[in-house]
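The structure appears below as structure tokens.
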Amino acid sequence: MRKHGGSIQAVLDHGARARARRDELAGAEVALAQTEKRLREARAALQEHVQAISLARSSAAPRLALAVREQLATLAMADATFDVVLAAREPGPSGGDSVEFLIAPNPGVPAGPLREIASGGELSRIMLAIMSVVSAPSIDSTLVFDEVDAGIGGHTARAVGARLRELGEGRQVLCITHLPQIASLGDRHFTIVKDTSVEPTRATVVELGEGEVVSELVRMLGAEEADVAARRHARDLRRAA
């Protein structure tokens, strides 16, 4: 009797599952239609957002290119061309455009992608130009510039230093430089000393006091510590800062 009762229960359970599956299949067409409708609406909304972003980029690209070229003119790259090129791509989180920066650092040279054409020093100055145009101050942001002084000197170096200082108003800017015109404009100064007599090679970073800063500027000017004229020039650079 127990066996017979168990069989009946199994049949009842199967019947319940079958009815649930029947109800599920009966509503499948309705669910599919609702899902397809939501998908169409989502795709339309996506396309609307993609078009809005593309229009905004198309409007901003020539203005950004012009502003960056103007900045480059003050950073010893007056003959450089800079353009922003947009191309359609599969929509993603950042829209439906690929954005490419094209540059020709020297006249007569075909423009090419920034990532392939620019040297280390040029790349630093281009980044400086772009950040000068688009960057909003933030106490949480840090900008690092290396080789930003490559191939420049004199008034251009001073202009680069002034631009770095402007960027430092409201954010942290770290700059590795070999030019006294740029170094003199820093708020805090550190010297890096490499010791190759140990294994592995050790680099030590030491913060400099004001007197040490002047001495380091003298060294960067290529003069001896006792050179009175060089020390006077170094102090003038610091006062001008």
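The values are calculated or read from the model by the stated rules, or taken from the named source; none is laboratory data. This is a predicted model, so every value here is computed, not measured. Here Cβ is always computed from backbone atoms with ideal geometry, including for glycine, and neighbour counts include all displayed protein chains. In case anyone asks, the SASA skips ligands and DNA or RNA and just uses the protein heavy atoms, side chains included. Shrake-Rupley method; radii C 1.70, N 1.55, O 1.52, S 1.80 Å.
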(request) Just one of (1) more than 15 Å from the chain's Cα centre (by Cα); (2) buried (at least 19 other Cβ atoms within 10 Å of the Cβ); (3) at pLDDT below 90; (4) not aliphatic (A, V, I, L, M) trips up Glu166, so point out which. (result) (2)
(message) What are the pairs with Cβ atoms under 8 angstrom where one residue, in the range 12-38, is in contact (Cβ under 8 Å) with a residue 40 or more places away in the chain and the other, located anywhere, is open to solvent by 60 Å² or more (accessible area, probe 1.4 Å) and in a helix (DSSP H, G or I)? Sequence gap at least six, or different chains.
(response) none
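Give the residue, chosen from Gln172, Gln181, that is in contact with a His (Cβ under 9 Å, 6 or more places away or on another chain), open to solvent by 40 Å² or more (accessible area, probe 1.4 Å) and within 24 Å of Leu75 (Cβ to Cβ).
Gln181
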(message) Taking the conditions exactly as written (within 27 Å of Ser132 (Cβ to Cβ) and either surrounded by 10 or more Cβ atoms within 10 Å (Cβ to Cβ) or in contact with a Lys or Arg (Cβ under 9 Å, 6 or more places away or on another chain) (or both)), does Thr196 satisfy them or not?
(response) no
(message) Checking the condition farther than 30 Å from Thr81 by Cβ, of a type in the set (Ser, Thr, Tyr), open to solvent by less than 100 Å² (accessible area, probe 1.4 Å) and in a helix (DSSP H, G or I), which residue from Ser54, Ser7 passes?
(response) Ser7
(message) Just to check your reading of the model, which residue among Ala111, Ala67 is surrounded by fewer than 18 Cβ atoms within 10 Å (Cβ to Cβ) and in contact (Cβ under 8 Å) with a residue 40 or more places away in the chain?
(response) Ala67
(request) Within the range 170-195, work out how many residues are assigned to a loop (DSSP other than H, G, I, E, B) and either under 15 Å from Leu208 (Cα atoms) or more than 18 Å from the chain's Cα centre (by Cα) (or both). (result) 9
(request) Tell me which residues, restricted to the range 61-95, are over 23 Å from Arg163 (Cα atoms), among the aliphatic types (A, V, I, L, M) and either touching a helix residue (DSSP H, G or I) at 6+ places or on another chain (Cβ under 9 Å) or part of a helix (DSSP H, G or I) (or both). (result) Val85, Leu86, Ala88
(request) Scan the range 69-123 for residues that are among the hydrophobic types (A, V, I, L, M, F, W, C), closer than 23 Å to Arg57 by Cα and touching a Lys or Arg at 6+ places or on another chain (Cβ under 9 Å) and jot them down. (result) Leu72, Ala80, Phe82, Val84, Leu86, Val99, Phe101, Leu123
(message) Condition first: in a loop (DSSP other than H, G, I, E, B), aliphatic (A, V, I, L, M), in contact (Cβ under 8 Å) with a residue 12 or more places away in the chain and exposed (fewer than 14 other Cβ atoms within 10 Å of the Cβ). Now tell me which residues in the range 134-163 satisfy that.
(response) Ile139
(request) Would you be able to say whether some residue in the range 218-239 is touching a residue at least 60 places away in the same chain (Cβ under 8 Å), part of a helix (DSSP H, G or I) and among the hydrophobic types (A, V, I, L, M, F, W, C)? (result) no
